[in-house]
Amino acid sequence: DAKTTQPNSMESNEEEPVHLPCNHSTISGTDYIHWYRQLPSQGPEYVIHGLTSNVNNRMASLAIAEDRKSSTLILHRATLRDAAVYYCILKEYGNKLVFGAGTILRVKS
Amino acid sequence: DGGITQSPKYLFRKEGQNVTLSCEQNLNHDAMYWYRQDPGQGLRLIYYSQIVNDFQKGDIAEGYSVSREKKESFPLTVTSAQKNPTAFYLCASSDGGGREQFFGPGTRLTVL
């Protein structure tokens with residue numbers, strides 16, 4: 001399984017944008033980039049995924065570097081409810097997810 | 001409401017006892033998964049099933065067993081052979097393709 005590297009933790013102010021980075025230098029051409037987040041004592045929640053192009057949905061945006069060796073999850077306006085562990089995962093179509101340790105996002109009011 | 005249910009939320013067992021965790025989904029998903037999470041760690045895959053009556057071992061299957069007799073149900077048994085069973089157990093399902101997995105609320109198992 002291709003590996004991702006994320007910062008252990010990040011901090012943001014409420015109502016400001018947050019950029020969560022992920023490095024995946026060994027990504028293969030068939031790997032999708034998935035992001036999940038997990039609130040304390042809950043199951044993970046899907047956030048967004050993409051292959052080559054930038055993606056937007058109601059929760060976030062995913063910016064993918066042209067060489068695909070890195071990506072950034074963008075929360076446009078952080079709220080206290082966005083405080084969670086964010087996981088960046090590489091996944092081949094039809095294959096299983098492999099979770100790393102993720103980034104702990106703290107949001108200050 | 002469509003979703004995944006896991007019961008119970010908290011479970012206590014004595015060492016040496018087998019225990020079965022329930023997972024049910026009404027999303028009509030073909031694939032189902034079981035993960036284990038230890039404090040401060042990411043999730044690790046125990047078993048997964050891509051179709052009824054078929055399942056595969058994940059990365060940490062030793063000491064666990066599963067069955068998939070119905071599409072909606074994927075129970076996990078934690079056996080006495082599992083050396084350190086105290087953990088947070090999460091069940092998930094997906095349509096088996098490239099889209100997202102949907103997770104249940106989890107069962108926190110404590111072995112005394």
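Each value in this text was obtained by applying a stated rule to the coordinates, not by laboratory testing. Small disclaimer: the values here were computed from a predicted structure and weren't measured. Cβ placement follows ideal geometry from the backbone for every residue including glycine, while neighbour counts extend to all protein chains displayed.
Figures for the structure shown
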{"quantity": "Longest site-free stretch - chain A; sites: GluC sites (Glu not before Pro), DSSP loop, at most 15 other Cβ within 10 Å", "calculated": "A:16-65"}
{"quantity": "Segment residue B:5-residue B:41, extension gain: residue separation times 0.36 nm, minus the distance between their alpha carbons", "calculated": "10.7 nm"}
{"quantity": "Sequence of B:90, A:105 once ranked by neighbouring C-beta atoms within 10 Å, starting from the fewest", "calculated": "A:105, B:90"}
{"quantity": "Pairs of lysine residues in the protein assembly as shown - Cα separation under 20 Å, sequence separation of 8 or more or cross-chain", "calculated": "11"}
{"quantity": "Amide hydrogen neighbours beyond the local backbone of residue A:99, cut-off 5 Å, H modeled", "calculated": "B:43"}
{"quantity": "Sorted by Cβ neighbour density within 10 Å, fewest at the top, the residues B:112, B:11", "calculated": "B:112, B:11"}
{"quantity": "DSSP-loop trypsin sites (Lys or Arg not before Pro) across the range A:26-109, with at most 11 other Cβ within 10 angstrom", "calculated": "A:58, A:77"}
{"quantity": "Cleavage-rule hits (GluC sites (Glu not before Pro)) in the range B:1-110: DSSP loop, at most 12 neighbouring Cβ within 10 angstrom", "calculated": "B:15, B:62, B:69"}
{"quantity": "DSSP bridge pairs, the protein assembly as shown: antiparallel proportion in percent, nearest 5", "calculated": "85"}
{"quantity": "Chain B: relative contact order in percent, alpha carbon pairs under 8 Å with at least 6 residues between", "calculated": "35"}
{"quantity": "Two-decimal Rg to Rh for chain A - Kirkwood Rh, Cα set", "calculated": "0.94"}
{"quantity": "Calculated FRET efficiency for the pair residue B:95/residue B:13, C-beta based, R₀ 30 Å, to 0.05", "calculated": "0.35"}
{"quantity": "Pairwise FRET efficiency - residue B:108 versus residue A:80, Cβ, R0 = 41 Å, nearest 0.05", "calculated": "0.95"}
{"quantity": "Debye log10 I(q)/I(0) for chain B, one point scatterer per Cα, at q = 0.11, 0.13 Å⁻¹", "calculated": "-0.31, -0.43"}
{"quantity": "For the protein assembly as shown, convex hull volume per residue from C-alpha positions, Å³", "calculated": "123"}
{"quantity": "Burial ordering of B:29, A:34, fewest other beta-carbon atoms within 10 Å first", "calculated": "B:29, A:34"}
